[in-house]
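Just below is one structure, and these are the notes that go with it.
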Amino acid sequence: MALTATLEHPLDTPADVLRLARASQRAANAAEAELLQAAVQWCVMHPAESISTASAWSTLKGFGDKAIGLAGDGAPLVSEFAVIEFAAGIGKSEDAGRAYLAEALELRYRLPRTWAKVTNLALPAWKARSIARRTLHLPKAGAGFVDTHVAPVAATIGPAALDRLLDEALVRFDPAEAERVRHERTEARHFTIQTQQVSYDGHVDIWGTLDLADALDLEDAITKGAARLAQLGSTEAEGARRAMAAGDMARRQLQLQFDTDPTPLVVHVHQAPGPDGEPVLDGVTRVEATRGFVLTTQLAEWCTRAARDGAHITIKPVIDLTERIHVEAYEVPDRLSAQTRLRDHHCVFPWCTRPAHTTSKVDDDHVVPHSRGGPTATENLTSCKYALRRQLLAARRCGTRRSSITVGPWEEASEI
């Protein structure tokens, strides 16, 4: 259907078309928000108590109305016949209508902050529904945890970040289910080499699901093997060299390498005050150099395996993220650097999500420059990938001559 210009919406210029598109999108968002509110109101009008005694008797015979739970714990039960009627009214199948009502109830009763964003038209209904769809399995406290953390960034959060938050909520608020899922996924591990499907040029596909510790060791070995091939004169692309390195490992050629020690696996275990005020071990173990975490029981399994294989385990002192660490020097000591990066998690430069850990390429930057009296202390340090470049930009904006800036990681002259 072609767009037709009207008196209210002339379409003489691209700006007119864009204006119409924006207005139409706003109207569509408002209409979808109203439909969600209507879905909730429909469920309120048809609670479990609305089922008549005659209907209850029919239910005993197997063909009457009954109360069903659509959303998670804390949302009201709804008449099943009401679900069928609503689905037909909005032109959806029974399953699609049931899912729509479930998402609406989940938002209204278990994700109130996200629901407020929808009703205020600050969040598109489709995005809110996609979040609600993935919290249905969580206990009520877990859904509240997700709502608290997601609502401020609901319009921009990506699927990977949301998945990590959902996993954390499951671990924190339903540890038994999280442990069951962990065992289930352990049984699903595999490493498949598709030798029965070979391309005419002699290549096969490989895929698998590995334990994180094994995957990090494998990644480290292949990366070193690919780098060694480049040093020996290989001109293939990096991906091809990594594939060749895997073949070398299979033929045990890497036994001749000088550096066979894998990169250490660094994890962080935290304590938090329990209900009685005593510190308790957090069920979430953060894995450095990755964006994920594992269960503490998984860490125990790794330690058991390491002890069995004679691997080296180093236990470092606990770092209190609330402690104020201060030194007089400009250089940031390792303990203060570790505290800063554990606190920030990632580079604090706007829109940058580069992870901040002990081996990542971020700088420990003074908020108030040291040359201007800023202390080398907890409250005056941040993790920033772009610290030096930001300072150079500030100097440029302020009219500082480029030649007056000494570029170096520990030069005070770079702190403009």
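Which of rounded, prolate or oblate describes the stretch 67-125 when judged by the alpha-carbon gyration tensor and an a/c cut-off of 1.5?
Values: a/c = 3.00, a/b = 1.44, b/c = 2.08.
It is oblate, given that a/c is not under 1.5 and a/b is not larger than b/c.
Per 5 Å bin from zero, what fraction in whole % of the C-alpha pairs of the stretch 30-150 is there, up to the bin with the longest pair?
Histogram of Cα-Cα distances, whole percents per bin: 2, 12, 22, 22, 19, 12, 6, 4, 1, 0.
With every protein chain left in place and a probe of 1.4 Å, what is the accessible surface of T314, to the nearest 10 Å²?
90 Å²
Ranked by accessible surface with a 1.4 Å probe, highest first, in what order do H268, H326, H366 come?
Final ranking, largest accessible area leading: H326, H268, H366.
For A272 and E301, what is the calculated FRET efficiency with R₀ set at 25 Å and r taken between the beta-carbons, to the nearest 0.05? Could you put the intermediate results ahead of the total?
Working: r = 22 Å, r/R0 = 0.90.
According to the calculation, E is roughly 0.65.
Give me the Å³ per residue figure for the convex hull around the C-alpha atoms of the stretch 134-236. Can you show the working numbers first?
Numbers: hull volume 19.8 nm³, N = 103.
Spelled out: Cα convex hull of the stretch 134-236, divided by residues, is 192 Å³.
Once amide H atoms are built 1.01 Å from N in the peptide plane, which residues 5 or more positions from G283, or in another chain, come under 5 Å H to H?
Answer set, sorted by chain and number: none.
Could you sort R308, R341 by accessible area so the largest value comes first, with the probe set to 1.4 Å?
R308, R341
The values are calculated or read from the model by the stated rules, or taken from the named source; none is laboratory data. It should be emphasised that the depicted structure is a prediction, and the values quoted were computed from it without experimental measurement. Neighbour counts are summed over all protein chains in view; Cβ atoms, including those assigned to glycine, are modelled from backbone coordinates with ideal geometry. Note: accessible area is taken over every heavy atom of the protein model, side chains too, but ligands, DNA and RNA are not part of it. Shrake-Rupley method; radii C 1.70, N 1.55, O 1.52, S 1.80 Å.
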